Structure formats: C-alpha cells, structure tokens
Amino acid sequence: MTVTEAPTDRTTLLAGELRAAVGVERVLTERAQLRTYECDGLTNFRVTPAVVVLAESRQHVIDTVRLCSEAGVPFVARGSGTGLSGGALPSADGVLLVLSRLRTLGPVDADNARIVVEPGVINLWVTRDAAPYDLAYAPDPSSQLVCSIGGNVAENAGGAHCLKYGFTVNHVMGAEVVLPDGSVAHLGGAAPEHPGYDLLGAFIGSEGTLGVATEVTLRLVRVPESVQTMLVGFRSVEDAAATVSDIIAAGILPAAIEMMDALAIEAAEAAVRCGYPAGAVAVLVIELDGPQVEVEAQFTQVEQIAKDRHAFETRIAADAAERALMWKGRKSAFAAVGRISPAYFVQDGVIPRTKLPEVLAEMKQMADDVGLRVANVFHAGDGNLHPLVLFDDAVDGQAHVAEELAGAILDLCIDSGGSITGEHGVGQEKRHKMAKQFTEADLDTMQLVRCAFDPAGIANPGKIFPTPRLCGERPGVHTAADTHDPAIGEVF
Ligand SMILES: Cc1cc2nc3c(=O)[nH]c(=O)nc-3n(C[C@H](O)[C@H](O)[C@H](O)COP(=O)(O)OP(=O)(O)OC[C@H]3O[C@@H](n4cnc5c(N)ncnc54)[C@H](O)[C@@H]3O)c2cc1C
C-alpha cells in the first residue's frame, strides 16, 4: 500500500506555525525529503507524511504536539524506524515527529542502578555507558545497534535475554510523556513502586497512541559473574523443541534459548559464515548466566538434556569471541534471509512453548500447501515465533499469497492459545487480527484508555484498533462515518 496526498491548507498553515516554533531547518515539506520517512521496517506499507519535524529538544516535541492538537492534525512519533509492524507509518495529512536527534544519556546512577535517557538514544548505548560500572541494560532486541529507547518503550520490545530478564516493561521505572494535547505528564518515577493506577504500564507498549516519551528512566542490571553459551545441533525440529521444554521443566531458567531451523541456518551461513553444525535441521543457542557455581552445574544438566533428546553436536563457547560468533548467526538471521529469497515477510506470534513441535509442523504443511517456504528463527524459551515467509515479488500474485500465509500463521497462533505479537507490536499490519484475538468488550476497554489520554484521536491514528472508533461513541456501536481507512488521513 502506498499513499501520497497533496498538502491541504490545514497542513500548509501548520507547517508555517511549526517553522516559527521549532526553526525552519527542522521542518520538512519537500516531497523528496518526506519520502525518506514513508515507511518503517515493514516496507510494504508506505505513506508520505505532509510534514516532518526533526525535534532536537523536549520543547520542540511539546510545541509540535501542541500545535497539532490546536490544528486537529494527527501526528506520528518515530524513533529509528526499525519497527516491523508499521507502527511509525505516517498519516498522509499529518505530521511525522522524528525523535532520533534526542540522544542525550544522563550519568549512570550506579548506586541505584538506573539511568535517565532521551528517547532517541540507541538501545546498545545504554549498556555501553553502564558497562564500566558492571551494569547493563537487559532488553536486547536483535536491532539493538540501531533501534531507539523511545521505540522500545512504545513497542514493549523484547529480545533474546527477555526469557530470564523480562521485557522492556520490566526495565522502565518512569517516563516523561507529552500528552496528545501538548501537556506534560510524569508516569512512574525513580521509586520502585508507585500508588494509583499503573499508567506507566499502560503507556509501555501503547505504540505511540497515548503520547510521546521525551525522557525515560531505565533500570540497569548487574552484569552476571559468569556467562556460558552453547550451540546445539539437532536432526529434527521436534527434538530441538522438546529440549527447550525439558530444560524449563527441569527448573532451569536460561538467560536465552534461541532456535533456528534449516532454512534460517542456511541464510545465516550464507551471510555471516557463523559455522553452525553442518547438516543440522535445527540449532539451539542456549545461554546460562549467574553465579559461576550455579551456571557450571546447570550447564552440565542442560548438556545432558540435549543429549537425551538426540543432539548430535554440542559446542561450548570457549571465550567471548566464540560466543559472539554463535550470536552473530542468530542476530543477523532476519537480514540474512535476503540471501536465499528475493523478498520475505517477518511475522511475530506467540504460542505456548509446549506446542512448538505441532505448531511448527502445521506451519510447514501450510507453507507446502501454497508452495512457499517459511524459515524459522525465534525466541524458543518464550514461545515467541518469528516465521519468515519467503516469496518472489517478481512473480505475479506471490506477495499476496505470502501475505495470506503470514495471516494464517497468526490465526494458528491464536488457535493454539497464543497471541498475534510477542514483541513487534500490532501497528498497521496486524490491527485487523485484533478482532480475532479480543472480544468487542476487550477492545472497548482499550479504547476507553486511549480516549482518556487522547480524546481527539490524533496520536498515531489508525494503529492497533481493527476499526476506527470515535471517543465518546457508545462502546460497541460504530457508524458508517467511522470506516474510512485511517492510513489515508482520517482522524478518529
Ligand atoms: C533486523 C531487526 C531485528 C529486530 N529484532 C527485534 C527483537 O529482537 N525484539 C523486538 O522487540 N523488536 C525487534 N525488532 C523490531 C524493532 O526494532 C523494535 O520494535 C524497536 O523497538 C523499534 O524501535 P524504533 O526506534 O526503530 O521505533 P520506530 O520504528 O521508529 O517506532 C516504533 C513505534 O514506536 C512509536 N514511538 C517511537 N518513538 C516514540 C516515543 N518517543 N514516544 C512514543 N512513541 C514512540 C512509533 O510511533 C511506533 O509506533 C527488529 C527489527 C529489525 C529491523
């Protein structure tokens, strides 16, 4: 989907006001410049925004949101634009508010294990700054070299180590948020617990629909005394999946258990020569961390569990360089798939861990039925699947078949007792699946929360909810007037 609209009088007027408020050089309206921002990591949805604002300060964010609110013009926040669900897809008649220049990290408060950062700060920079104090920032999306903390908060980002350490929501203590009317609220704070409603919890994962984070207080974790990583090769996906369940059932909580199937291994080998076991139908990357004695004891146990499930090769990282190589294959897998297929969709769904073997088998059957291939690389410990649906966009109609298959995989996740997203968010891409995952009453309750923050419906409209709704509308009752596609600029 590609949408382009001529600027309206409303946005032309607003652009002038924005220039006066934040500076001429920070407001883009030239089509060639705007096109840079027409999509995020999900490139099959493209919308050219009417205006882009490159904020460089908290005040720029406040001014931009306030002016949008006064003009009744929608705005969409954007961090690094690596999102995979179209969350930062612009509104054609709206403002795209880019936060990537807000990149200041405060000093590390080592005694309290926390740090205050601006939203455009890159995920990996937090651990870089914390490392001299033996501290780290735990959530580690594979995109951590480029994605922003603001985007992580908005998506409640996960990562390989979230099995043990939890998602972004477990590592954010507070946030300063510019609400959709331009006022500023402080959610949570430096204290570990706060009375009243958990509005910070509601904000995290709200995908830019409740306001714009301008400052985030992050919790840091102590770097573990010992880390050990192993790479295990299996001749069947079922054995690899069963190993994951057996490890957890044995009461061991690894820092990470990641799984890749044969296609994903082939792609990673082609791209980064990670040297995974030849002939493996599936590999697990298993990492244990904690006190050395505990890690050593559990490592031996894990090796035995894998052996009992017919692992044919187990490699243990001897040093940091070997560990990095094991992770390189896993972390580069999404992009690597480009080596074995002209095009692909990254899907993100969750299933109960114990259903891994049957769901993976069913998915393979579904792909075979439509003549496509699906590569799997995922957070196996959490049951968070990332099927990569491979297709050739030069073949007429194949993109559509791939899209249908990706949607059917989400249905399979729901039917298996899981969910349509583990960490990439709903965004534009999966909003139509929300009606399958939730009841009308569930969605109406979410809408009440949204309306409390954003009664005018101008913050990232058209995302998350399957059908546009007006605030003040009687829950469950929708009118024909609300059914325009918000991607083309309707405000609801
Ligand atoms: C190769 C690759 C690997 C990935 N691996 C992972 C992974 O392992 N785990 C994972 O969770 N994700 C992963 N992702 C997805 C993506 O990196 C994450 O969703 C990330 O959190 C997005 O951050 P961003 O800065 O790019 O946000 P953007 O894409 O710019 O925006 C994402 C959403 O956040 C909103 N937003 C951005 N900044 C703010 C703000 N300051 N205030 C309010 N809302 C805001 C936007 O409106 C949008 O809805 C991966 C992506 C790629 C391309």
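The values are calculated or read from the model by the stated rules, or taken from the named source; none is laboratory data. As the structure is a computational prediction, the values presented were derived from the model and not from experiment. Note: ideal-geometry Cβ built from the backbone for every residue, glycine included; neighbour counts use all protein chains shown. Side chains are part of the model used for accessible areas, which takes the heavy atoms of the whole protein and leaves out ligands, DNA and RNA. Shrake-Rupley method; radii C 1.70, N 1.55, O 1.52, S 1.80 Å.
With the structure loaded, tell me whether L89 is touching a residue at least 24 places away in the same chain (Cβ under 8 Å), more than 10 Å from the ligand (Cβ to nearest atom) and either open to solvent by 10 Å² or more (accessible area, probe 1.4 Å) or farther than 23 Å from L13 by Cβ (or both) or whether it fails that test.
Answer is no for this residue.
Looking at L124, is it within 16 Å of the ligand (Cβ to nearest atom), closer than 19 Å to V153 by Cβ and outside any helix (DSSP H, G or I)? Walk me through how you get there before you give the answer.
Details: within 16 Å of the ligand (Cβ to nearest atom): yes; closer than 19 Å to V153 by Cβ: yes; outside any helix (DSSP H, G or I): no.
No; evaluated as a whole, the condition is false for this residue.
May I ask you to verify whether A154 is over 19 Å from the mean Cα position of the chain (by Cα) and of a type in the set (A, V, I, L, M, F, W, C)? Write out each step before concluding.
On the way: over 19 Å from the mean Cα position of the chain (by Cα): no; of a type in the set (A, V, I, L, M, F, W, C): yes.
So A154 does not fit the description; no.
Those residues that are β-branched (V, I, T) and under 18 Å from T29 (Cβ atoms), I need them from the stretch 40-64; list them, please.
If we filter the stretch 40-64 for residues that are β-branched (V, I, T), which is where we start, we get 43, 47-48, 51-53, 61-62, 64.
Passing the criteria: V47, T48, V51, V52, V53, T64.
Can we say G151 is touching a Gly at 6+ places or on another chain (Cβ under 8 Å), more than 20 Å from V212 (Cβ to Cβ), small (G, A, S) and buried (at least 23 other Cβ atoms within 10 Å of the Cβ)?
Numbers: touching a Gly at 6+ places or on another chain (Cβ under 8 Å): yes; more than 20 Å from V212 (Cβ to Cβ): no; small (G, A, S): yes; buried (at least 23 other Cβ atoms within 10 Å of the Cβ): yes.
No; evaluated as a whole, the condition is false for this residue.
Which residue, of V117, V146, is farther than 19 Å from L187 by Cβ and of a type in the set (V, I, T)? I'd like the intermediate steps shown before the answer.
Details: V117 fails: farther than 19 Å from L187 by Cβ.
It is V146.
Tell me which residues, restricted to the stretch 184-197, are out of contact with any Leu (no Cβ under 9 Å at 6 or more places or on another chain) and surrounded by fewer than 15 Cβ atoms within 10 Å (Cβ to Cβ). Lay out the reasoning, then the answer.
Narrowing the stretch 184-197 to residues out of contact with any Leu (no Cβ under 9 Å at 6 or more places or on another chain): 184, 186, 190-193, 195-197.
H186, A190, A191, P192, E193, P195, G196, Y197 - these are the residues of the stretch 184-197 that are out of contact with any Leu (no Cβ under 9 Å at 6 or more places or on another chain) and surrounded by fewer than 15 Cβ atoms within 10 Å (Cβ to Cβ).
Look at F45 and say whether it is open to solvent by less than 10 Å² (accessible area, probe 1.4 Å) and in contact (Cβ under 8 Å) with a residue 40 or more places away in the chain. Don't jump to the end; show me each part of the working.
Numbers: open to solvent by less than 10 Å² (accessible area, probe 1.4 Å): no; in contact (Cβ under 8 Å) with a residue 40 or more places away in the chain: yes.
Taking the combined requirement at face value, the residue does not satisfy it.
Here's a check for you: in the stretch 90-129, which residue that is among the aliphatic types (A, V, I, L, M) and in contact with a Gly (Cβ under 7 Å, 6 or more places away or on another chain) is nearest to C147 (Cα to Cα)? Please lay out each step first, then the result.
Of the stretch 90-129, the ones among the aliphatic types (A, V, I, L, M) are 92, 95-99, 102, 105, 108, 110, 113, 115-117, 121-122, 124, 126.
Still in the running and in contact with a Gly (Cβ under 7 Å, 6 or more places away or on another chain): 92, 99, 102, 115-117.
On the way: A92: 24, L99: 12, L102: 13, I115: 18, V116: 17, V117: 14 Å.
Filtering first and then ranking leaves L99.
Hey, could you check the stretch 214-245 for residues that are under 21 Å from F167 (Cβ atoms) and β-branched (V, I, T) and say which is surrounded by the fewest Cβ atoms within 10 Å (Cβ to Cβ)?
Only one residue tops the list, namely V223.
Of the conditions (1) over 24 Å from the mean Cα position of the chain (by Cα); (2) of a type outside the set (D, E); (3) within 10 Å of the ligand (Cβ to nearest atom), M230 clears all except one; give me its number.
M230 satisfies every listed condition except (3).
Looking at A333, A321, can you tell me which residue is modelled with pLDDT under 90 and of a type in the set (A, V, I, L, M, F, W, C)?
On the way: A321 fails: modelled with pLDDT under 90.
So the residue among A333, A321 that is modelled with pLDDT under 90 and of a type in the set (A, V, I, L, M, F, W, C) is A333.
Under 7 Å by Cβ, and 6 or more places apart or on different chains, what pairs join a residue from the stretch 431-450 that is more than 18 Å from I204 (Cα to Cα) with one that is in a helix (DSSP H, G or I) and of a type in the set (D, E)?
So the pair list comes out as K436/D411.
Criterion first (open to solvent by 50 Å² or more (accessible area, probe 1.4 Å) and touching a helix residue (DSSP H, G or I) at 6+ places or on another chain (Cβ under 6 Å)) does D181 satisfy it?
So D181 passes the test.
For the stretch 453-464, give me the residue count where each residue is part of a loop (DSSP other than H, G, I, E, B) and buried (at least 20 other Cβ atoms within 10 Å of the Cβ). Lay out the reasoning, then the answer.
Just the residues of the stretch 453-464 that are part of a loop (DSSP other than H, G, I, E, B), to begin with: 454-458, 460-464.
Narrowing the set further to residues that are buried (at least 20 other Cβ atoms within 10 Å of the Cβ) leaves 454, 457-458, 460-464.
Counting residues in the stretch 453-464 that are part of a loop (DSSP other than H, G, I, E, B) and buried (at least 20 other Cβ atoms within 10 Å of the Cβ) gives 8.
Restricting to the stretch 98-114, name every residue that is touching a Phe, Trp or Tyr at 6+ places or on another chain (Cβ under 8 Å), within 16 Å of the ligand (Cβ to nearest atom) and over 12 Å from G79 (Cβ atoms).
Within the stretch 98-114, just L105 meets the criteria.
Does G427 satisfy the condition of being over 22 Å from E238 (Cβ atoms) and either within 17 Å of the chain's Cα centre (by Cα) or free of Cβ contacts under 8 Å to residues at least 24 places away in the same chain (or both)? Steps first, please.
Numbers: over 22 Å from E238 (Cβ atoms): yes; either within 17 Å of the chain's Cα centre (by Cα) or free of Cβ contacts under 8 Å to residues at least 24 places away in the same chain (or both): yes.
When the stated conditions are applied, G427 passes them.
For the stretch 128-144, which residues satisfy the criterion of being in contact with a Ser or Thr (Cβ under 7 Å, 6 or more places away or on another chain) and not in a strand (DSSP E or B)?
Taking the stretch 128-144 first, the residues in contact with a Ser or Thr (Cβ under 7 Å, 6 or more places away or on another chain) are 136-137, 139, 143.
Y137, P139, S143, listed by residue number.
Find the residue count for the stretch 7-17, including only residues that are open to solvent by 80 Å² or more (accessible area, probe 1.4 Å) and modelled with pLDDT under 85.
2
Restricting the search to the stretch 396-452, which residues are in a loop (DSSP other than H, G, I, E, B), within 16 Å of the ligand (Cβ to nearest atom) and β-branched (V, I, T)?
Selection gives I420, T421, V426.
So which residues in the stretch 65-86 are open to solvent by less than 20 Å² (accessible area, probe 1.4 Å) and away from the ligand (no atom under 12 Å from the Cβ)?
Matches in the stretch 65-86: L67, C68, V73.
Is there a residue in the stretch 25-39 that is touching a Leu at 6+ places or on another chain (Cβ under 9 Å), more than 14 Å from A88 (Cβ to Cβ) and not in a helix (DSSP H, G or I)?
yes
Sort through G211, G205 and tell me the only one that's buried (at least 20 other Cβ atoms within 10 Å of the Cβ) and either over 19 Å from S183 (Cβ atoms) or among the charged types (D, E, K, R) (or both).
Residue meeting the stated conditions: G205.
Looking for something crowded, with 23+ Cβ neighbours inside 10 Å, in contact with a helix residue (DSSP H, G or I) (Cβ under 9 Å, 6 or more places away or on another chain), modelled with pLDDT of 95 or more and not hydroxyl-bearing (S, T, Y) - is there at least one such residue anywhere in the stretch 18-38? Write out each step before concluding.
Residues of the stretch 18-38 crowded, with 23+ Cβ neighbours inside 10 Å: 18.
If we keep only those that are in contact with a helix residue (DSSP H, G or I) (Cβ under 9 Å, 6 or more places away or on another chain) too, we end up with 18.
Still in the list and also modelled with pLDDT of 95 or more: 18.
Add one more test, that the residue is not hydroxyl-bearing (S, T, Y), and what stays is 18.
Yes: the stretch 18-38 contains one or more residues that are crowded, with 23+ Cβ neighbours inside 10 Å, in contact with a helix residue (DSSP H, G or I) (Cβ under 9 Å, 6 or more places away or on another chain), modelled with pLDDT of 95 or more and not hydroxyl-bearing (S, T, Y).
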